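Some notes on the structure that comes next.
Read-outs: derived from the displayed coordinates by stated rules, not from any lab. Predicted model, so just to flag it, every value in this text is computed and none were measured. Methodologically, a virtual Cβ is constructed for each residue, glycine included, from the backbone with ideal geometry; neighbour enumeration extends over all protein chains shown.
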Amino acid sequence: MTKKPLLISWVLMKFEQLFHLAITFLAFISLASCATAKGNVYPLGSGYLRQDKLFEELTRIAGLNPALVQLRIIGFSANEKLPLYALEIGAKKATHNMLIIGQHHGDEVIGVNISAAFAEHLINQYAANAEYKKLLEQYRFWIVPTLNPEGFRVVSSGQFQFKRKNNTDTDGRKRLDLRTEGVDLNRNYPVFWDLDTDINVNSPFYKGKGPVSESEIKAIIALAQQQNFELCIFLHSSASGAYSEKIYLPARGNNSALFIQTKTLAHSYAASVKRDYSPGTYTVPDGLASEVGNARNFFFHSMGAMAFLVETGGINSNGQSVIHPDNKMLDKIVKKHVRALSKLFIGLMPEDK
Ligand SMILES: [Zn+2]
């Protein structure tokens with residue numbers, strides 16, 4: 001054999017090795033992009049809280065510091081009479097009351113996890129961190145992980161992947177269709193209820209037969225009247241993706257001092273939360289406010305509280321709206337909102353004189 005063919009076969013061999021390397025590399029890249037393009041995952045990951053395990057989980061959280069935390073039942077759901085739980089967290093001398101509602105819409109489950117994780121974070125940090133100790137000596141947090149345990153039960157048990165409303169028999173035929181019937185609890189508050197034109201009982205946005213027709217809304221209004229909340233935050237996630245990773249303000253704020261204050265807080269929250277699948281942070285759209293009977297309109301106009309809605313979820317690289325991501329992404333989302341909430345409330349405290 002001459003040297004030349006040897007050289008050629010050596011080159012060919014190297015070329016083949018390189019080719020295999022390139023294929024492996026491409027396969028790795030496409031797998032990695034599949035991971036980022038992952039959509040909703042069913043059944044829901046083990047990291048999601050479930051309605052039937054909620055009492056157990058909230059009891060565990062409350063037990064972390066019984067002197068600082070009370071687990072309350074503020075009312076019951078309209079149809080299945082499921083308890084509406086609240087964690088009340090704060091030192092006895094705390095005078096400013098804050099409200100966080102993790103869920104109004106059954107399939108928007110991320111907020112249940114965020115609110116419970118935020119409660120646990122506050123309690124753990126109280127013992128370990130002087131800033132949180134100060135926070136909880138001034139502020140009392142009322143954390144309601146879900147105001148819609150019926151919708152939460154349907155989705156967290158895997159019965160249906162999507163269920164926005166509660167389980168009220170809205171068509172009056174005495175036979176409940178879980179898929180279509182129910183009241184959208186975030187359309188049942190009394191402020192601007194009359195302006196909402198959607199009266200189709202099977203609409204996912206059905207506002208109910210009258211303002212405050214649902215016991216869930218009666219319960220939260222009763223709590224609001226007792227506690228005089230200063231700041232209220234409502235967690236949602238946008239199933240369509242059209243509203244995701246944004247913060248929504250009350251309608252008709254008319255640039256009042258309370259509105260400007262609310263808007264400033266919403267902007268600082270938005271700037272501290274990175275979007276899940278695309279560069280940039282959450283935003284606060286201007287001039288996009290629904291004049292319907294939702295929580296932020298009620299708390300702002302009727303209770304004189306700062307109030308805004310945080311819409312989690314995101315659009316992945318395949319253009320899919322993701323509100324039920326896998327455990328790993330859920331954990332990432334929960335952690336960044338716990339950080340953002342902590343930063344917001346710690347920033348609210350007046351400077352030491
Ligand atoms: Zn929602």
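What the table shows:
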| quantity | calculated |
| --- | --- |
| Vicinal HN-Hα couplings computed from phi for segment 261-274 (Karplus, 6.51 cos²θ - 1.76 cosθ + 1.60; Hz; Gly/Pro x) | 4, 4, 5, 4, 5, 4, 5, 6, 4, 4, 5, 9, 10, 6 |
| Simple label model, 7 Å out from Cα along Cβ direction - Lys328 to Asn202, nm | 4.1 nm |
| Peptides ranked, highest mean first, by Cβ atoms within 10 Å: ranges 164-175, 185-196 | 185-196, 164-175 |
| All aspartates and glutamates inside 20 Å of Lys134 as judged from Cα atoms, apart from same-chain residues fewer than 8 positions distant | Glu88, Glu120, Glu230, Glu351, Asp352 |
| Separation in nanometres of the label points that stand 7 Å from Cα toward Cβ, at Arg252 and Lys343 | 3.4 nm |
| Gyration tensor (alpha-carbon) shape descriptor, segment 49-348, a/c threshold 1.5 | rounded |
| Antiparallel %, DSSP beta bridges [both residues in segment 49-348], to 5 | 45 percent |
| Under Karplus coefficients 6.51, -1.76 and 1.60, residue-wise ³J(HN,Hα) of segment 299-307 in Hz, glycine/proline x | 5, 6, 7, 8, 9, x, 9, 6, 8 |
| Amide H within-cut-off set for Gly313, under 5 Å, with H built and near neighbours excluded | Glu245 |
| Table column - 3J(HN,Hα) (Hz), segment 147-161, Karplus curve with 6.51, -1.76, 1.60, x for Gly and Pro | 9, 10, x, 5, x, 5, 4, 4, 7, 6, 8, x, 4, 9, 7 |
| Residues whose placed amide H lies under 5 Å from that of Arg275, excluding near-sequence neighbours | Gly280, Thr281, Tyr282 |
| Estimated 222 nm signal from helices in the chain, with DSSP H stretches of n ≥ 4 weighted -39500 (n - 2.57), rounded to 500 | -12500 deg cm²/dmol |
| Within segment 49-348: Cβ-based charge dipole about Cα centre, in debye rounded to nearest 20 (Lys, Arg +1; Asp, Glu -1) | 520 debye |
| Rounded to 5, the percent of DSSP beta bridges in segment 182-312 classed as antiparallel | 35 percent |
| Euclidean distance between Cα centres, segment 126-148 to segment 153-188, Å | 32 Å |
| Separation between Cα centres of segment 208-238 and segment 243-297, rounded to whole Å | 19 Å |
